[in-house]
Amino acid sequence: MSEEFEPNIVAFLCNWCSYAGADLAGTSRTHYLPNVKIIRVMCSGRVNPLFLVNALQQGADGVLISGCHPGDCHYLEGNYYARRRFMLMHKLLEHVGVDPGRVNMSWVSASEGAKFADVVQESVDKAKAAGPMDQFRRRQINW
Amino acid sequence: MNGYRPKIGVYVCHCGINIGSVVNVPEVIEHVSKLPGVAVAREYTYMCSDPGQNLVKEDIANENLNRVIVASCSPRMHEPTFRKTLKEAGLNPYYLEMANIREQCSWVHEDKEEATEKAKKLVEAAVAKALLLEALEEKEVDVIPACLVIGAGIAGIQASLDIADAGFKVYLVEKSPSVGGHMSQLDKTFPTLDCSACILTPKMVDVANHPNIELMTYSQVVGIEGYVGNFKAKIRKKARFVDVDKCTGCGVCAENCRLAGRIPSEFDEAVGNRGAIYLPFPQAVPAKYTIDPERCLQLSKGKCGKEGPACAAACTAGAVNFEQEDEIVDVEIGTVIVATGFDVFDAARKPEYGYLDCESVITGLEFERLVSSSGPTGGKPIIGRDKKGEGGYLPSKVAFIHCVGSRDESVGNEYCSRVCCMYLAKQAHLIRDKLPEADITVYYMDMRAFGKGFEEFYDRVRREGVRYIRGNPSEIFRKSADEPTVIVKVEDTLTGTALEAEHDLVVLGVGLEPRKDIREIIDLFKLSQSTDGFFLEAHPKLRPVDTASDGVFLAGCCQGPKDIPDTVAQAKGAASSALILMAYGKVKVEAQVSVVTADQCRGCGFCVEVCPFGAIELVEENRMGNIVQVALVNEALCKGCGSCAAACLSGAIQPKSFKDEQILPQIAVLGVK
């Protein structure tokens, strides 16, 4: 690879805090890297661990989950579920040999546009360090 | 009806030049028009405008579109707009999907090529999801025609009166023993110099007497459940230890209290004193006495003098009741207005200003009580009185300091408190009025006289001989240990000279801060805070009184510092927002709720466990003679968060519009570079 490796990251943001925070980054014209592409879910608790694996399987180099700060969940406790599931998944992925820097979780509130930009930068840096993700990709076998 | 085969219309918005100047829109159009299912792909300058929306409507009619994608701003901005467009064109509004290529693309990326590539991906992901969107049914439920207003300052009072006058029930809950809030503590109001009490007291009496308002003072909301239109609130009425039905407000009890005049009065900002049984101020509403359980000897120590409590003995009405207990009241309401106000900045957090060391350094709110004719000094600005309220002097060299605790990152408050410039100008005028010979200096950072009549008032105060020096004092300290005179060290930034001025009264223009117990309300109503710590409104421009929690509105300084006219205006706005729901009488409930595919459900109950709203239960189902358990969603309680779906092992329970089968295609598009 001659050019510098640019990781592709899929982000799952909750509608009430982090998606609104990402919108605020836009409204305040806070520039960040285009590597992260956002999928809106109503709550970080909606994020099925399967989504993480699926994104990595599809070829994403990293995954980001972001929700409301603990205690601020619009649905009372969805972010706590998200955190527990994430911790388990994080360990499992590490166990099967996936660089733990590829999967990240953060709390970004609706007023933290600048923080969202930082989170993006951090996720990209980590995924860059981990290199292209091809461990889960189905390989063609030449008999 | 539209056929089953998806026919998608994609509309890419230029948003003037907001999107078009960064994202190459024609290139995006070209890319998406080749995608499966896309029948129409168009661009337009402003999709949200009437012609933009008509474009969609016409295509739905002429091209038989059955899915619509608008690639423009955030769905948090215009999803409702375009849902309405679809509805008006006879298409189910949930056949809409939006791609956010403004807030999350053109506004945050500079490189045109990269932004265009990303926009393509985002629209492609929307197409992938749109193929699998389903029509949803919007249901309406009745709105309980009652409103809970929390906080009875001027914001809560005004909102309550407006709603009650419109014929709806109001429960007005106030934490302290009287309504009135901070406004009742003020002497005059800028810039008109209206007497604060004169304009507020009639409204205070109105809320107490209005047939539609149930006033609950000395009470706090301790629990809330339900959803917009149908809330249930628990309110704790704290024990006053005085039977309000018997108390006549005569005040004999307070005169006889053994601690009379020995406890700093909260209302008088500790400039004056009260007893353990007290009325916060003469015009208090309700005019009923309250016993402070922490200070009362009988309640805190179990013994009051040799003869027992003197207040009870003196009360001819027999109203004092030491056995009284807190009472929990349940109310059902359709809407909520939060008007919990602010705290003033604690001047002790700026130790360089000597607030704790010098009796001649006071805060702006203490000054209000000093110059108030109903205050502890009868309106004379007497400084340095002893604990009995005797002695003291009238100041001759007065200083006012701007921006104490505002615009100051060192104390964590970056914002401007908006009222200090003008209240200090008003206070300078009051000193000029009461002490014509006094020398008055105002030390300011910037003068912000932005409101109606503000600049004129500021000019008037300067013409009255008030000196304005541009500079923020670095230090205020005693001249010597045995005299009240202090020295203010400041640099006049207009002339660049360092000054040391003597003053015998320094008034600190303390700013406004979020309530210290703001967390309690946040936890109850799931509200968010902005970076300044005040409550966050749903949209800074277009939804300034709404919150992210449907049916909960904001009024007054709990949302951010504001003066009285702005507070009243916002309170009226909040009242009108609550009235819209109650007057219409019905509200749409969340259509994006979870749904169970019973055949796939194994009845494990994991979803029941994780549901934060208790919306799922297991019911028995007869499957060809076998009784099995399956999950069932109560759609009225479900809010569509989807926690259940992530917990479900078989994928049987899914939130509508955010089903696995709708998200996975998005991942499939965005995961590939």
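The values are calculated or read from the model by the stated rules, or taken from the named source; none is laboratory data. In this text the structure is predicted, and so the values were computed from the model without any measurement. FYI the Cβ positions are ideal-geometry reconstructions off the backbone, even for glycines, and counts take in every protein chain you see. Remember, those area values only see protein heavy atoms, side chains included, never the ligands or the DNA or RNA. Shrake-Rupley method; radii C 1.70, N 1.55, O 1.52, S 1.80 Å.
Okay, here's what the table says:
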item	result
Cα-Cα P(r), chain B, percent of pairs per 10 Å interval	3, 13, 18, 19, 17, 13, 10, 5, 1, 0
Number of Lys pairs (Cα under 17 Å; 8 or more positions apart or on different chains) in the range A:9-129	5
Only Lys, Arg (+1) and Asp, Glu (-1) charged, at Cβ; chain B dipole about Cα centre in debye	440 debye
Reduction of at least 50 Å² in accessible surface, 1.4 Å probe, comparing all protein chains with the chain by itself, residues of the range A:16-35	A:Tyr19, A:Asp23, A:Arg29, A:His31, A:Tyr32, A:Pro34
Residues with amide H under 5 Å from that of B:Asp408, placed H, sequence gap 5 or more	B:Asn413, B:Glu414, B:Tyr415
At least 50 Å² of accessible area lost relative to the chain alone, listed for the range A:37-52 with a 1.4 Å probe	A:Lys37, A:Ile39, A:Arg40, A:Met42, A:Arg46, A:Phe51
Label-reachable residues, the range B:198-231, where backbone N falls under 20 Å from a point 7 Å from B:Glu137's Cα toward its Cβ	none
Accessible area per residue in Å² at 1.4 Å probe, computed on the protein assembly as shown	43 Å²
Förster radius 41 Å - calculated FRET efficiency between B:Glu661 and B:Val222 (Cβ-Cβ, nearest 0.05)	0.45
Exceeding the 31 Å Cα-Cα cut-off - candidates B:Lys234/B:Lys388; B:Lys397/B:Lys516; B:Lys238/B:Lys301	B:Lys234/B:Lys388; B:Lys397/B:Lys516
The range B:20-74 - charge dipole about Cα centre, Lys and Arg +1 at Cβ, Asp and Glu -1, debye rounded to 20	140 debye
Contour excess over end-to-end distance, with Cα ends at B:Asp482 and B:Asn62 and 0.36 nm allotted per residue	142.2 nm
Lys, Arg +1 and Asp, Glu -1 on Cβ, resulting dipole of chain A about Cα centre, debye, nearest 20	480 debye
Selected from A:Asn79, A:Cys14, A:Leu50, residue furthest toward positive end of dipole (the range A:9-129; charges at beta carbon)	A:Leu50
For the range A:9-129, convex hull volume per residue from C-alpha positions, Å³	83 Å³
Inter-centroid distance (Cα atoms) of the range B:567-611 relative to the range A:5-38, Å	27 Å
Where trypsin sites (Lys or Arg not before Pro) fall in DSSP loop in the range B:479-521, at most 13 other Cβ within 10 Å	B:Lys516
DSSP-defined beta bridges in the range B:103-220 - what % are antiparallel, rounded to 5	20 percent
Percent carbon-and-sulfur accessible area, the range B:146-219, ignoring ligands, DNA and RNA, probe 1.4 Å	53 percent
Selected from B:Ala428, B:Pro80, B:Ser265, residue furthest toward positive end of dipole (the protein assembly as shown; charges at beta carbon)	B:Pro80
J(HN,Hα) series, the range A:58-72, from Karplus relation 6.51 cos²θ - 1.76 cosθ + 1.60, nearest Hz, glycine and proline x	5, x, 5, 8, x, 9, 10, 10, 9, x, 5, 4, x, x, 9
Chain B, helix-only ellipticity at 222 nm - DSSP H runs n ≥ 4, -39,500 (n - 2.57), divided by all residues, nearest 500	-8000 deg cm²/dmol
Approximate spin-label separation B:Glu359-B:Gln592, in nm, with each point projected 7 Å along Cα-to-Cβ	6.3 nm
Separation of alpha-carbon centers, the range B:95-157 and the range A:70-103, rounded to whole Å	25 Å
Nitroxide proxy distance, nm - points 7 Å out along Cα→Cβ at B:His539 and A:Glu3	3.7 nm
Reachable lysines from B:Lys452, criterion Cα separation under 20 angstrom, eight or more residues apart if same chain	B:Lys188, B:Lys426, B:Lys562, B:Lys572
Low-density loop cleavage sites - trypsin sites (Lys or Arg not before Pro) in the range B:1-80, where at most 10 other Cβ are within 10 Å (DSSP)	B:Lys34
Computed accessible area, B:Lys188, all protein chains, 1.4 angstrom probe, square angstrom	60 Å²
B:Ala348/B:Ser396 FRET efficiency (R0 35 Å; Cβ-Cβ; nearest 0.05)	0.85
Buried solvent-accessible surface, both chains (A, B), 1.4 Å probe, Å² to nearest 100	4400 Å²
Under DSSP loop assignment and at most 14 Cβ neighbours within 10 Å, longest GluC sites (Glu not before Pro)-free interval of chain A	A:5-143
Stokes-Einstein D (µm²/s) once Rh is taken as the Kirkwood radius of the protein assembly as shown over alpha-carbon pairs, at 10 °C in 1.306 mPa s	53 µm²/s
Members of the range B:642-673 that become less accessible by 40 Å² or more once partner protein chains are added (1.4 angstrom probe, chain alone as reference)	B:Ser643, B:Ala646, B:Phe658, B:Asp660, B:Ile663, B:Leu664, B:Ile667, B:Leu670, B:Gly671, B:Lys673
Trypsin sites (Lys or Arg not before Pro) restricted to the range B:555-603 and DSSP loop, no more than 15 other C-beta within 10 Å	B:Arg602
Gain upon complete extension [B:Ser650, B:Ser300; 0.36 nm per residue less C-alpha separation]	120.1 nm
Residues with amide H under 5 Å from that of B:Val506, placed H, sequence gap 5 or more	B:Val361, B:Ile362, B:Ala399
Long-range amide H partners of B:Ile337 with built H, under 5 Å	B:Leu148, B:Val149, B:Ile150, B:Phe553
Gyration tensor over alpha-carbon atoms, the range B:409-542, equivalent ellipsoid semi-axes in Å	33, 20, 15
Full-extension gain in nm, B:Val619 to B:Arg467, via 0.36 nm per residue minus C-alpha separation	46.9 nm
Pair B:Lys112, B:Ile199: separation of 7 Å Cα→Cβ label points (nm)	5.5 nm
Qualifying aspartates and glutamates (Cα of each under 13 Å from Cα of B:Lys232; at least 8 residues distant if same chain)	B:Asp330, B:Glu332
Residue-by-residue Karplus 3J(HN,Hα) for the range B:202-216, coefficients 6.51, -1.76, 1.60, Hz, glycine and proline x	x, 5, 4, 5, 4, 5, 6, 9, 5, x, 8, 9, 9, 8, 10
Share antiparallel - DSSP beta bridges, the protein assembly as shown, percent rounded to 5	45 percent
